[in-house]
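K.L.:
This is the structure I have questions about; it appears just below.
The values are calculated or read from the model by the stated rules, or taken from the named source; none is laboratory data. Fair warning: this is a prediction, and the values are worked out from it, not measured in the lab. All Cβ positions, glycine included, derive from the backbone under ideal geometry; neighbour counts span all protein chains shown.
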Amino acid sequence: MGIALFSVMFSHWFGFQEITTGIPYLVSTILTKLVFTGGLLFLSGFGLYYSFSKDHGVRGFYKRRLTRLYIPFLLLSLPLYTYFLCCRDDYGLLDYAGQLSTLFFWFKGNYGGMWYVAISLFLYLVFPAIYLFVFKTHSGGRVVAKACIMLITLYLALVGIRTFFPSYFEVVEIGIEKIPFFILGMLLAYGVRETVLTRKEYRYGVLVIGVLYAGLTALNRFMDSYWLNHFTGIFQKLFFIPLLCILFNLLGNGFVGRTVKSFFDWFGKYSLELYILHLHFYMFFHFGFLNTSLSDCAQATMAMCFALALCVPVNRLLAMVTKRR
C-alpha cells in the first residue's frame, strides 16, 4: 500500500503540471508499473478476504467499511465540495450530492481522482456475495473454478459495455477495468490463508507470470489492441507485487532494510488520508480563487506538502470521530 501511494503521489505531481519529459518523470512512469491504483484494489481484495474469513458477520463488515472508508471520505470531502457549491457557477446541488455519495462517478465519470473511492464502495457492497459464492467451499479446485467463472462473467460484461455502450465505457473505464484486480487479490489471499500455495509454488507462480508478462509486453510492440494492453497491465501488477515482497524480504532487518520498509510503511499507514487529501488540495488550488496567482508547480507542490503534513493529525481525528480501534 505504501509503495502504491508513494507512486501515485509522485506521478500525480508530474501529471498536475503536465510534465512528460526528464529523468524524474521517467522514474514516475516506472513506479506506476509496480503497484499503483490497480494494485490498491488488488491489496484491498487481499485484505478484505482475511478480515471477512475471521468474522463472517455481514452487518459488522458493512459497519467497519463504513467507518473506515466512506465516513472518512465524507468528512474530508465536505469542506471542498461545500466550497465548490458556494463559489463555483458550474457546480450545482446535483453535483454536490452526487460527489459526496460517489454516484457522480457512475453517471459522469472520474471527478478529482475519487473514482477509487466510488469503485471501492461498490466492491465493498458486493464483497460478501462474492465471498459466499466463490470461497464458501473449502475445495481448492471449486474455488478456482468459481473464481474463473466470475472473472469470465465480469469480462463478458466489460466487453459488452465497451462494444454496445462505448461512450459510457469511456466515462467509467478508469474504475471498472480494474475490478478484476480485486477478485484476484481475494483469490491470492485464499491461497495463502488456506495454505494452498507453498513457498515453492509461489515462486514458480511469479516466474510463470513474469514470462507471460514479458511475452505480452513483446506482443504489444507489434499489435495495438485495447484488451492486449489491458491484460499486459494485469500481469504487470501480478508480477511486480509479489516480486517486491521477495525483494523486501531479501533486504532483511538491517539498517537499510528497516529504513526502506519504515518509509513505505508510513505511506501505507496513512494511505486513505494521503490519497484523498493530496487530490482535494490540488482541486482547491486549481479551481479555487488561488488558481490565477499560483503556478502549476506551486499548486502541485503545495497539494503534496499539505497532504503530507496533515495526514497524521487527520488520521487521529478521524479515528476519534469514527471510534476506530
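K.L.:
For the range 247-285, give me each residue that is outside any loop (DSSP other than H, G, I, E, B) and over 23 Å from the mean Cα position of the chain (by Cα).
P.N.:
N249, L250, L251, F255, V256, G257, R258, T259, F285
K.L.:
From (1) over 18 Å from the mean Cα position of the chain (by Cα); (2) touching a residue at least 24 places away in the same chain (Cβ under 8 Å); (3) over 30 Å from N291 (Cα atoms), pick out the condition that doesn't hold for S120.
P.N.:
Just one mismatch for S120, condition (1).
K.L.:
Please go through the range 37-68 and pick out each residue that is free of Cβ contacts under 8 Å to residues at least 24 places away in the same chain and assigned to a helix (DSSP H, G or I).
P.N.:
S51, K54, R59, G60, K63, R64, L66
K.L.:
Restricting attention to the range 156-172, does a residue exist that is in contact (Cβ under 8 Å) with a residue 60 or more places away in the chain, of a type outside the set (G, A, S) and closer than 18 Å to L243 by Cβ?
P.N.:
no
K.L.:
Another one. Taking C297, is it closer than 30 Å to Q17 by Cβ and in contact (Cβ under 8 Å) with a residue 12 or more places away in the chain?
P.N.:
It is true that C297 is closer than 30 Å to Q17 by Cβ and in contact (Cβ under 8 Å) with a residue 12 or more places away in the chain.
Each row is one residue, and each column tells you yes or no for (1) modelled with pLDDT of 90 or more; (2) aliphatic (A, V, I, L, M).
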{"residue": "A214", "(1), (2)": "yes, yes"}
{"residue": "L219", "(1), (2)": "yes, yes"}
{"residue": "L244", "(1), (2)": "no, yes"}
{"residue": "F255", "(1), (2)": "no, no"}
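K.L.:
Which number in (1) surrounded by fewer than 19 Cβ atoms within 10 Å (Cβ to Cβ); (2) in contact (Cβ under 8 Å) with a residue 24 or more places away in the chain; (3) not acidic (D, E) marks the one condition that G185 misses?
P.N.:
(1)
K.L.:
Of these, V143, V134, which one is out of contact with any Asp or Glu (no Cβ under 9 Å at 6 or more places or on another chain), in contact (Cβ under 8 Å) with a residue 24 or more places away in the chain and surrounded by 12 or more Cβ atoms within 10 Å (Cβ to Cβ)?
P.N.:
It is V134.
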